[in-house]
Amino acid sequence: MTSHHRRDFLKTAAVAASTSMLTRPGFASESHSSLGKAEHCIYVWLGGGAGHTDTFDPKRLGDPKERKPGSYYPAIDTAIPGVQVCEHMPKCAAIYDRFVPVRSVHHDVVDEHAAATNRMHTGRLTSGTIVYPSIGSGISHVRGPAGDGVPAYVVIGYPNVTRGPGFLGAAANYVYLTDTKKGPAGLSRPSDIADRRWDRREKLLDTLRAEYRRRHPDDSLVADYDQTVGEALRLGGPEFAKVFDLDGESADLRNSYGGEFGQRCLLSRRLIQSGVRFIEVSHNLNFVNGTGWDVHREGILNQHELIRELDTALSALVLDLERHQLLDKTLIVVGTEFGRPPGFDAGGGRGHQSEAFSVLMAGGGLQTGQAIGTTDELAKNIVDRPVSVPDLHATMYAALGIDPEHELYDGDRPVPITDGGKAIAELFG
């Protein structure tokens, strides 16, 4: 194994190491019976700022040429009476009773994508004194993996500090990949290493590990590192690698998910079945429309291609999880850093808006088939039921059976798991 592969191998494995959920404080017990009972979370990330008026909260039709504010596309009815979506989401519209559109999310970061992305992932402002953990790290830290020999937290997309563990440390970090046809690069065996050679290296490593444990029997750092190495070897083995064999699924099913993004969603279902607790799936890696969801100026012209791709993959994921009796056990959240205003810029596109935008939820044992929050006639301002980002995170934690008032620890310092967030009570029976 080259030094490059070895660094990737051990780094990737280190972030996957975690302990059993049964010993973790904050996990729902009989005293928290009102919390949800979901076991997994899939966070679909629409990086770039998906416009709510053009997707989940359509209003009157606008005209970019005449600079008339409004939605870019006509709206259609959904399976939730009185609730509409954009015309390019017919597949999700037909099964919208499995969803909950939260149309009144808000925060105060509007000018910078990175800061808004950090807010949506950590629930807090960027701080110069403390690096807060992401929602994925928080959930994986408290609950751990739901199966043996798998990481608790996987990102299907590019690595970013906003998805990371912050003060929780490497054990709450993620394993990431960008290619659905194979596992994470840091866990994949180099192609020039044959089985016999690999076996010899493992035996040598086992000898060295045993000797180091013998010499340092009371050193917790050594014990943690040795556990990480063992986890790396398990994750690098054939069992976890099987999860990435999408050809094991029927052609009809693979086709129902659609293209590259759809295959990432299909992989998410397989990762859920393997026991991964939290998965983030990025939607804008391939920039189907040239700009992703950041639709300033002419970038909005092909936005419908992104919306259709999302519609195909998301509806397939919901129905596939339902067929496998996993939908009630899996919370799906479709998030973005902020929305888009109803007005058009000089090029016909849209700017940024954070005072009112939408996040879509599905499954997870929630009381679906209802909409939370209402915006005004142009989706510019919230009319009722505002939901802060801490409230959104509290809802996600609660759905996973985690007390939203649970405290994490930065060293000896207690830190609330949310910034005073309250779960959306209407979603819990």
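The values are calculated or read from the model by the stated rules, or taken from the named source; none is laboratory data. Keep in mind it's a predicted model, so treat the numbers as computed, not measured. Quick reminder, even Gly has a Cβ in these numbers, built from the backbone with ideal geometry, and neighbours come from all protein chains shown.
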Matching residues, the range 92-138, being in a helix (DSSP H, G or I) and small (Gly, Ala, Ser): Ala93, Ala94, Ala114, Ala115, Ala116, Gly136, Ser137, Gly138
Go through the range 384-412 and give me each residue that's over 21 Å from Arg277 (Cβ atoms), among the small types (Gly, Ala, Ser) and either touching a strand residue (DSSP E or B) at 6+ places or on another chain (Cβ under 6 Å) or surrounded by fewer than 18 Cβ atoms within 10 Å (Cβ to Cβ) (or both). Gly411
Check whether at least one residue in the range 259-271 is among the small types (Gly, Ala, Ser), surrounded by fewer than 24 Cβ atoms within 10 Å (Cβ to Cβ) and assigned to a helix (DSSP H, G or I), and report yes or no. yes
Restricting to the range 166-194, and then to whatever is among the β-branched types (Val, Ile, Thr) and under 18 Å from the mean Cα position of the chain (by Cα), can you tell me which residue is modelled with the lowest pLDDT? Thr180
Of everything in the range 292-306, what is buried (at least 20 other Cβ atoms within 10 Å of the Cβ) and within 16 Å of Lys65 (Cα to Cα)? Give them in sequence order. Val295, Gly299, Ile300
Take the range 407-428 and flag every residue that is in contact with a Ser or Thr (Cβ under 9 Å, 6 or more places away or on another chain) and in a loop (DSSP other than H, G, I, E, B). Asp419, Gly420, Gly421, Lys422, Ala423, Ile424, Phe428
Subset of the range 213-243 that is modelled with pLDDT of 65 or more and surrounded by 15 or more Cβ atoms within 10 Å (Cβ to Cβ) - its residue that is nearest to Pro151 (Cα to Cα): Phe240
Residue in the range 383-397 that is in a loop (DSSP other than H, G, I, E, B) and within 20 Å of His106 (Cα to Cα) present: yes
Taking Gly275 as the residue in question, decide whether it is touching a Pro at 6+ places or on another chain (Cβ under 7 Å), closer than 27 Å to Arg119 by Cβ and surrounded by fewer than 21 Cβ atoms within 10 Å (Cβ to Cβ). no
